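The structure under discussion appears below in the form of structure tokens.
Derivation of every value follows stated rules applied to the coordinates shown; laboratory data play no part. Everything numeric here is computed off the predicted structure, so don't read it as measured data. Note that we place each Cβ from the backbone using ideal geometry, even for glycine, and neighbour counts take in every protein chain shown.
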Amino acid sequence: MKWFLWHGNLFQADETLTDLMFEVDGAMEEDREAKRPAHVVLKKFARALEEYGTYIDNNASGIVNYGERHRCGERISTGFAESTINQLIAKRFVKKQQMRWTPRGAHLLLQIRAQVLNDDLHGRFEPWYPGLHDPKEISIAA
């Protein structure tokens, strides 16, 4: 299943998951017919498979074909973005900090901080303040 999901083949991943669920159900049915106590592990495994199937169904539109991205030389990890986001807003969510942000406020702060890091903020303010000097020009002139 992991390989199929990694390569964006949701249909085959779903088929494999369904087959595995039928195998687990068959093993549980054999136990019932033989009047053996149900295996706790099989019950947990069946529940985990159902939850996994629900997760895949709910997130199907967001599952990326990582194999194709890898072959095209594109990034296949979001760790760099998650690390940046944690770095940008983590300080305000620490309980020891005097001021705490609401989720909306943190989102807006993140937008500003990301624009600063990408050097896009000046371009956002320039239409509103035509005489605004670019901080890069000032530092170069100095």
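Which ³J(HN,Hα) values, rounded to whole Hz and listed in residue order, are derived for region 51-57 from phi using the Karplus coefficients 6.51, -1.76 and 1.60 in 6.51 cos²θ - 1.76 cosθ + 1.60 with θ = phi - 60°, glycine and proline given as x?
Computed from phi, the couplings for region 51-57 are 5, 5, x, 5, 4, 4, 4 Hz.
If I model a spin label as a point 7 Å beyond the Cα along the Cα-Cβ vector, how far apart are those points for ASN58 and ILE112 in nm?
Between ASN58 and ILE112, the simple spin-label model gives 3.4 nm.
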